[in-house]
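The values are calculated or read from the model by the stated rules, or taken from the named source; none is laboratory data. The model shown is predicted, which means the values in this text are computed figures rather than measured ones. Here the Cβ is made from the backbone with ideal geometry for all residues, glycine too, and neighbour counts use every protein chain on show.
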Amino acid sequence: MLLFKRNKILVAFLLFLEIVIAQTIPSKNISINDGLPSNDIKCFFKDSRGLMWIGTEAGLCCYDGSAYKVFNETNGLKHDRVWSIAEDENKNIWLSLYGKGLAKYDGKKFTYYDEKDGLVNNSIRKIHYSKKYKCLILATENGLGIYDFKNFKSFQQKTDFGRFQVVGIDEAPNKILITVSYSDVFDLKIQKDIQKSTLEAVFTPPISYSSFVNNSTYFAGNAFHTLFTKNLITQVELKHECPIIWDFAKDDKNNIYCAAWNVIDPNGGLFKYSNNTLTDITKRANIKSTGLWCLFYDKDTQQLWVGSIDNGIYLVDLSRSIKFLEPSYFGLKELQIQELYNDNNNTTWIGAKDYIILLHKDLRYTIFDQTTLWIKLSIYFRQKGINPKTNPVFQRFQQKSGFTSFNIVSDKDGNTWVNTTWGVFCFDKNYAIQFFKFFDGGHIIFDKKDQVYFGSMYSDIFFMPNKFDWTHFLNLSFNNSSVPKDITKIVKDGNLIWFASVTKGLFLLKNDKFYSLNANGLFKENNIKDLLINDKGQLIIGTNSGRVYITKWNDKSLVILKTYNPFKEIYGSSISFVEQSKGAYFIGTNKGINVIQNNKFIKLINKSEGLADIQFNDCIKDKKGNLWVATNNGLIQLNIDEVLKNKKNRISPIKITSIKVNGESYARLDSLVRWGSFGKDKIKLNYDQNDIEIVFSSNNTFNSDKNVYRYKIVGLTNTWSNFESIGRIQLLGVPNGKYRILLEGKNIGTGEMFFPNAIDLRITPPFWKTWWFLLGCFAFFSIGTYLIYLNRIRRIKNEERGKAEVQKRLAETKMEALQSQMNPHFIFNAMNSIQNYIIDNNTDDALMYMGEFSKIIRQTLNNSSEQRIALDDEIDYLKSYITLENMRFKNQVTIELIIDDELDLFETEIPPMLIPPFVENVFVHAFDSHSENPELILSFKQKDNCLFCEVADNGKGMISGNLNKLHTSKGINLAKERIALFQVGNLNPIAIASKPNEGTTIVIKLQID
């Protein structure tokens, strides 16, 4: 029997749960563990820059969305107790330093004011800045103060309590109401000359500790544990019992929120006033503290900041875009939901571990637990004539400790089929079991004829023509590659039925035949997590790889129209579900729920927005277009209208928060930082200050963990960096030049694009690269080059002149050598020898002599025009010359010619007519009539790159005096001069050694290539 019908008391209780628990409000706690200086929070203020200022008992805290910056006695602020904060029209921040007076912060330094400066009392409870009157209104423990930034004006009156304790300042369009605890509510009339301002009593409320004015209604939290309200027009007064209220805030729905704390007992919490009803929402907002002191409602983010005295801050999401039905809503301790289905009555079927739950459109619910299901099954089997106690199959399944759900679908008759590990349930429209079949789990689908296809878990597919008769079936084996296996999702598209597999990819059932797209090369991914038919009849495929494909089947192939890739179009690496509602795609991943609209990523929803669990198991769309998401810890509802609503875009600017040069803070740049932001758009640094770190962020406090940033450096690279969660640029060894740094950012949770920023960076070159230095160097080098040019021209002329002289001298020495070879004495002796041969009738010798003589004459003339000749030609010349001279000596001189085997006679070249004079000296001076066995040895050897020609005889030799004369003889000097002209580096080219009666040896050294 259904639970809600069987137990009316339970129904009433469940209805109460629907009202109270179903509206669970997402929230998160911020404490000293997150960077707050204290968990005792006294006030909130959001300034015009988007910075959130938090006053605590241990200092001031500034939150810019990326970090909590603390000001206290050890960090710039002289006093720690900050009770109230305001901002003037010059964007200065004013602080109530409770017990120590007033402070102004201009973004760089603090300026302090106290009773000595004219302040009415140092214990300021509240600060209010009046834009209309351009002054501060100060509520203190003993008096009211006005400060127009020039002078103070004070108001004090006697009360029954003694002190004039001001606890409320409420500025309406036509009046400013001042609430005094133990006195009246006053009307403050501020004059241009504040000294003429007046304070007039309006009415007397109960003893109050706080006040708030909304339209024409006055609210006050009083000492008698009530909320006091007064209609300022009708004068109607009401009271609502509650703990002492210390602060108020109003949301954009005109709801009033109250922070309460009883001081002397633990009663307190967060209360909501709406339609003249006060409701305690402390537990619904998951607030663990009952000592609440201050509130602030952020209109931009629809968040309520709640300050406690002992547990820090509670950030409550009032956007109403997310509801979370915890297990306790259904009266359960645990609720692991695997499958969801929304039927034609807009009832959401929940397939969970050990439960089947029906969530009706009015949020009432029906639960089928294990016991209820076994009772229903027993009734069903008995109606079929089966005794459950004796049926072995019934007994086997009853022994199972629990069950899980696989899929839930409806047939054409409106019956709902729930597939579990116990078996397949068919519930009629009255939720009675119409059919049941024991099975170990699987997936079920109905074709256009309402015939059943059942894919058993890890097994075959069974086809039943009659959905209520599973005894007659067709077994389709998964051994056939066209038959699906390991099914994860089944969707219908008219006559087409698509099957997703976790191992085999995508399958199509058409005209009662299965077709594997992967096996036929039409789709590549094997692990498919979800399928969806969108509003255009396109097939959406979500895969385990993180990709989502938008496809269209054209009867022959699957056309991929669009691909959403992980960490490009979507955040996350694995797909949990894909759903579409109101023109947008909602894609569940391991990072949260991605929202894509018009093929563009717009936001990511996860724990920052209040999702308690991002392990998604399934997702469906109800008849209103809202999404229901199954998790292991309950059910999430997304209000799609709220999710897709274009919220007011505040456009937070990108700011530069830190600049380091060469690894250290740069004092000259730090002096330009105000309000945590670098205030200039240009940076100029020296060439040796080219290791730069720039940190930038945005004053976006909503979902700040989803702020991402990127940059581009024009002049260094023309590509944008990837979006990163930390805005940081690190530049190492930047060349000198001019660069423009472009900064961009966005919040992936809201889709808000931050207002971009740009900064010009100039790295000045070293002095040796400056234009004036380069110009000076150019002038210097130009003049130097010109002078060098003139000097080189002069030197070249001198060298040419020297070369001309050398050539002239070469010609002269060559002529002298020729003359020495062709001297008259040699010619005369030769002719005389020929004559003697003729006289002696020695025709043969005469002819031979004449031949050799003519050969010498011809070679001498030929060599006279050559600078160098082959060594072989020189040796031939010497042979002819020696032959002629030796014939005059009757061939008495023994001639020995020694040539080194390694010497290349044809490649080795020497100056012509260089050696013959030394050979001539042998025949002329070496031998006389007393010489015995005269011998001439002529040798040529090569050592390294030098040719050594040795002319040796065994003649009479010379004493040292004659040897010196030989060294200075004209022939020797001529030879030395010729060698020096040809070979400048050849020092001491001629060496002469001689001993009397032992002979003379002359060694000529020539450099060869």
Does at least one position in segment 462-469 carry a residue that is surrounded by 18 or more Cβ atoms within 10 Å (Cβ to Cβ) and outside any strand (DSSP E or B)?
yes
Given the criteria more than 19 Å from the chain's Cα centre (by Cα) and among the acidic types (Asp, Glu), does residue 705 qualify?
no
If a residue has to be of a type outside the set (Asp, Glu), loosely packed, with under 13 Cβ neighbours inside 10 Å and in a loop (DSSP other than H, G, I, E, B) to count, how many in segment 831-853 make the cut?
1
Please go through segment 695-751 and give me each residue that is within 16 Å of residue 67 (Cβ to Cβ), crowded, with 18+ Cβ neighbours inside 10 Å and of a type in the set (D, E, K, R), ordered by number.
706
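Here's the yes/no breakdown for (1) surrounded by fewer than 20 Cβ atoms within 10 Å (Cβ to Cβ); (2) among the β-branched types (Val, Ile, Thr); (3) modelled with pLDDT of 85 or more; (4) under 30 Å from residue 846 (Cα atoms):
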site	(1), (2), (3), (4)
895	yes, yes, yes, yes
900	yes, no, yes, no
906	yes, no, yes, no
918	no, no, yes, yes
931	yes, no, no, yes
943	yes, no, yes, no
953	no, no, yes, yes
960	yes, no, no, no
993	yes, no, yes, no
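Within segment 525-546, which residues are acidic (Asp, Glu) and part of a loop (DSSP other than H, G, I, E, B)?
Selection gives 525, 535.
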Spot the failing condition for residue 522; the list is (1) over 34 Å from the mean Cα position of the chain (by Cα); (2) assigned to a loop (DSSP other than H, G, I, E, B); (3) modelled with pLDDT under 95, and only one is missed.
(3)
Would you check which residues across segment 323-373 are of a type in the set (Lys, Arg) and crowded, with 18+ Cβ neighbours inside 10 Å and list them?
323
Of the residues 108, 132, 126, which single one is outside any strand (DSSP E or B), closer than 21 Å to residue 176 by Cβ, in contact (Cβ under 8 Å) with a residue 24 or more places away in the chain and charged (D, E, K, R)?
132
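With the condition being farther than 30 Å from residue 355 by Cα and of a type outside the set (D, E, K, R), I'd like the strands (runs of 3 or more DSSP E) fully within segment 635-751 carrying at least 3 qualifying residues.
654-661, 692-698, 707-714, 727-731, 737-747
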Conditions first: (1) modelled with pLDDT of 90 or more; (2) under 18 Å from residue 661 (Cβ atoms); (3) within 17 Å of the chain's Cα centre (by Cα). Residue 731 passes all but one, so which condition is the exception?
(1)
Residue selected from segment 405-446 under the condition among the small types (Gly, Ala, Ser) and without any contact (Cβ under 8 Å) to a residue 60 or more places away in the chain, by the criterion farthest from residue 335 (Cα to Cα)
432
Evaluate segment 378-391: report whether one residue or more is within 51 Å of the chain's Cα centre (by Cα) and at positive phi.
no
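With aliphatic (A, V, I, L, M), surrounded by fewer than 19 Cβ atoms within 10 Å (Cβ to Cβ) and touching a residue at least 40 places away in the same chain (Cβ under 8 Å) as the only criterion, which of 497, 528, 533 stands out?
533
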Pair list, Cβ < 7 Å and 6+ apart or interchain, from segment 759-779 residues that are in a strand (DSSP E or B) and surrounded by 11 or more Cβ atoms within 10 Å (Cβ to Cβ) to residues that are at pLDDT below 85 and not polar (S, T, N, Q)
759/681; 760/681
Identify, please: which residue in segment 127-180 is surrounded by fewer than 21 Cβ atoms within 10 Å (Cβ to Cβ) and hydroxyl-bearing (Ser, Thr, Tyr) and is, among those, nearest to the chain's Cα centre (by Cα)?
129
Taking residue 90, is it farther than 30 Å from residue 708 by Cα and touching a residue at least 24 places away in the same chain (Cβ under 8 Å)?
no
Within segment 417-440, how many residues turn out to be within 21 Å of residue 336 (Cα to Cα), assigned to a strand (DSSP E or B) and among the β-branched types (Val, Ile, Thr)?
3
Looking at segment 842-857, can you tell me whether even one residue there is closer than 22 Å to residue 950 by Cα, in contact (Cβ under 8 Å) with a residue 24 or more places away in the chain, more than 60 Å from the chain's Cα centre (by Cα) and in the same structural domain as residue 923 (by TED's automatic domain parsing)?
yes
Quick check on residue 419: is it surrounded by fewer than 17 Cβ atoms within 10 Å (Cβ to Cβ) and either within 51 Å of the chain's Cα centre (by Cα) or modelled with pLDDT of 90 or more (or both)?
no
In this structure, does residue 614 turn out to be part of a loop (DSSP other than H, G, I, E, B), farther than 30 Å from residue 684 by Cα and under 28 Å from the mean Cα position of the chain (by Cα)?
yes
So, residue 477, is that one hydroxyl-bearing (Ser, Thr, Tyr) and touching a residue at least 24 places away in the same chain (Cβ under 8 Å) or not?
no
With criteria (1) over 24 Å from residue 971 (Cβ atoms); (2) in contact with a helix residue (DSSP H, G or I) (Cβ under 8 Å, 6 or more places away or on another chain); (3) in a helix (DSSP H, G or I), residue 906 comes up short on (3)
Can you find, within segment 40-60, the residue that is surrounded by the fewest Cβ atoms within 10 Å (Cβ to Cβ) among those that are farther than 13 Å from residue 675 by Cα and aromatic (Phe, Trp, Tyr)?
45
